[in-house]
Amino acid sequence: MQKKLHIKVGDTVKIISGVHRGQEGKVLSIDRKKDRAIVEGANVVKRHAKPDAANPQGGIVEKEASLHISNLMLVVNGEPTKIGRKLNKDGKLVRYAKKSGEEIK
């Protein structure tokens with residue numbers, strides 16, 4: 001069974017601690033085993049790449065590195081908020097924003 005996390009791929013999140021604190025971006029991928037996520041445009045690192053079919057020149061490539069999910073907070077309507085879970089009218093468990101009380105799709 002997979003862990004339930006407060007963020008999903010495609011969510012907009014704000015980085016709440018670390019060097020990149022204050023930056024916002026979209027979650028590109030999540031590693032559930034390590035509790036880490038890659039956020040678009042944040043924590044960009046330089047990596048040396050060998051030439052391959054996609055990059056025939058090789059050289060230094062900039063790409064996003066992962067951040068621990070405890071350092072990320074979901075942004076709902078432009079405001080960072082904690083997340084809760086509750087049953088909706090259909091009896092389905094959904095995420096909701098604790099600040100505003102609204103459901104998150």
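Where a number appears in this text, it was derived from the coordinates with a stated rule and is not lab data. From a predicted model like this one, the values you see are computed outputs, not experimental measurements. Don't worry about glycine lacking a Cβ; one is built from the backbone with ideal geometry, like all the others, and counts go over all protein chains shown.
Observations, loosely collected:
- Counting Lys and Arg as +1 and Asp and Glu as -1 over every other residue whose Cβ lies under 11 Å from the Cβ of residue 15, the net charge comes to +1.
- Region 87-97 - phi-based ³J(HN,Hα) in whole Hz, Karplus 6.51/-1.76/1.60, Gly and Pro as x: 7, 8, 4, 7, x, 9, 7, 10, 7, 9, 7
- Its relative contact order, with pairs defined as Cα atoms under 8 Å and 6+ residues apart, puts the chain at 21 percent.
- Averaging the Cα positions of each part gives two centres, and for region 1-16 and region 61-99 these lie 5 Å apart.
- Amide H within-cut-off set for residue 76, under 5 Å, with H built and near neighbours excluded: 81
- Ellipsoid equivalent to region 18-105 - semi-axes via the Cα gyration tensor, in Å: 35, 15, 11
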